[in-house]
Amino acid sequence: MLRATLGLDLAVLYGATIGPVDEIGPRTAVLTADHADVVLVEPGMPCISARQVAETLVHVPHRLLALGAADGYDAHAVARAVRESLR
């Protein structure tokens, strides 16, 4: 999935486990970023961790796009979805 971010001005946070979601990492990344756009790509169905991420960022203005590999999101589809989301 890292290939999906080539050429984009963004930071990638990688979680080796599905949960629980680290609260400090995402919050710090969003607070220090120029844009508060969060794209969550999960190995299975989207929204498994999206709720936890949204709860972590509840007091931080942001946009969240949740994608899941189970929905057919390969690297090319993720890249397309990210570019469309960042417009």
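Regarding A70, is this residue among the hydrophobic types (A, V, I, L, M, F, W, C), within 13 Å of the chain's Cα centre (by Cα) and either more than 20 Å from T5 (Cβ to Cβ) or not in a loop (DSSP other than H, G, I, E, B) (or both)? Judged against the criteria, A70 is not a match. When the stretch 73-87 is filtered for residues that are out of contact with any Ser or Thr (no Cβ under 8 Å at 6 or more places or on another chain) and either of a type in the set (V, I, T) or assigned to a helix (DSSP H, G or I) (or both), the ones remaining, listed by number, are A75, H76, A77, V78, R80, A81, R83, E84, S85.
When restricted to residues that are in a loop (DSSP other than H, G, I, E, B) and at pLDDT below 90, the stretch 41-61 contains 9.
I'd like to check something: does the stretch 10-25 contain any residue that is surrounded by 12 or more Cβ atoms within 10 Å (Cβ to Cβ) and of a type in the set (D, E, K, R)? Within the stretch 10-25 (the criterion being surrounded by 12 or more Cβ atoms within 10 Å (Cβ to Cβ) and of a type in the set (D, E, K, R)), the answer is yes, since at least one residue qualifies. Among all positions in the stretch 2-25, there is at least one residue which is touching a residue at least 60 places away in the same chain (Cβ under 8 Å) and β-branched (V, I, T).
Among the residues of the stretch 7-14, is there at least one that is acidic (D, E) and either closer than 20 Å to R87 by Cβ or within 14 Å of the chain's Cα centre (by Cα) (or both)? Within the stretch 7-14 (the criterion being acidic (D, E) and either closer than 20 Å to R87 by Cβ or within 14 Å of the chain's Cα centre (by Cα) (or both)), the answer is yes, since at least one residue qualifies.
Going through (1) exposed (fewer than 12 other Cβ atoms within 10 Å of the Cβ); (2) farther than 23 Å from I24 by Cα; (3) hydrophobic (A, V, I, L, M, F, W, C) one by one, A79 falls short only on (1).
Looking only at residues that are among the β-branched types (V, I, T) and surrounded by 12 or more Cβ atoms within 10 Å (Cβ to Cβ) in the stretch 43-62, which one is farthest from A29 (Cα to Cα)? Steps first, please.
First, pick out the residues of the stretch 43-62 that are among the β-branched types (V, I, T): 48, 53, 56, 58, 60.
Still in the running and surrounded by 12 or more Cβ atoms within 10 Å (Cβ to Cβ): 48, 53, 56, 60.
Numbers: I48: 20, V53: 12, T56: 12, V60: 11 Å.
Here the residue is I48.
Here is a check on your reading of the model: is L65 on the phi < 0 side of the Ramachandran plot, at pLDDT below 80, surrounded by 10 or more Cβ atoms within 10 Å (Cβ to Cβ) and not in a helix (DSSP H, G or I)? Spelling it out, it is not the case that L65 is on the phi < 0 side of the Ramachandran plot, at pLDDT below 80, surrounded by 10 or more Cβ atoms within 10 Å (Cβ to Cβ) and not in a helix (DSSP H, G or I). Scanning the stretch 30-48 for residues that are within 18 Å of A77 (Cβ to Cβ) and without any contact (Cβ under 8 Å) to a residue 24 or more places away in the chain turns up just one, C47.
The values are calculated or read from the model by the stated rules, or taken from the named source; none is laboratory data. If you're wondering where the values come from, they're calculated on a predicted model, not measured in any experiment. All Cβ positions, even for glycine, are placed from backbone atoms using ideal geometry, and neighbour counts span all protein chains on display.
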